[in-house]
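Here's the structure, in structure tokens; my notes come after.
The values are calculated or read from the model by the stated rules, or taken from the named source; none is laboratory data. Treat the numbers as computed from the prediction; the structure is a model and nothing was measured. So basically every Cβ, Gly included, is an ideal-geometry build from the backbone, and we count neighbours across all protein chains shown.
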Amino acid sequence: MAIAAAATATMALAARPALNLLLTTRRARWVFTPFAVSSSFSSSSSKPSRALILYSKPGCCLCDGLKEKLQAAFLLSGPDSLHDVDLQVRDITSNPEWERAYQFEIPVLARVLSDGTEETLPRLSPRLGVELVQKKISAALKH
């Protein structure tokens, strides 16, 4: 019975190669840096890049849910597109200062201001849809 279910799931994935291709060709720019702000925020293109930091930790279901929604939101196009946003995911367990600051608050999203400082964004409800997450982040980055 389990083998038949696995075979059915495998065939279902194989039947959707276009969807898998889309997810691999238009991924968001994820930057995993355990300690300091990475130099990836300075883009080599002439257009300045917008930057976000996500404070999270392994095993946090709220963090994992937000990461999934952010990844989907980064794939959406339109007037609120996030294609030029660099997202840095920081594991708070890798830095005692981050852990003290965010241990009871994660997931925490912060935008990086032009002077390099961070501004914490309002908490996004886990019930928000991907399109609304995209709009809220886009609006927050415009301020």
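If we scan the stretch 98-109, do we find a residue that is within 19 Å of Ala139 (Cα to Cα) and part of a strand (DSSP E or B)? Yes, the stretch 98-109 contains a residue that is within 19 Å of Ala139 (Cα to Cα) and part of a strand (DSSP E or B). Out of contact with any helix residue (DSSP H, G or I) (no Cβ under 8 Å at 6 or more places or on another chain) and closer than 19 Å to Ala51 by Cα: is that true of Ser77 in this structure? When the stated conditions are applied, Ser77 passes them. The single condition among (1) under 22 Å from Pro58 (Cα atoms); (2) crowded, with 17+ Cβ neighbours inside 10 Å; (3) at pLDDT below 95; (4) aliphatic (A, V, I, L, M) that Leu109 does not satisfy is (3). Residues in the stretch 76-97 that are buried (at least 18 other Cβ atoms within 10 Å of the Cβ) and part of a helix (DSSP H, G or I): 1 in all. Among the conditions (1) in contact with a Gly (Cβ under 8 Å, 6 or more places away or on another chain); (2) in a helix (DSSP H, G or I), Pro126 misses just one, which is (2).
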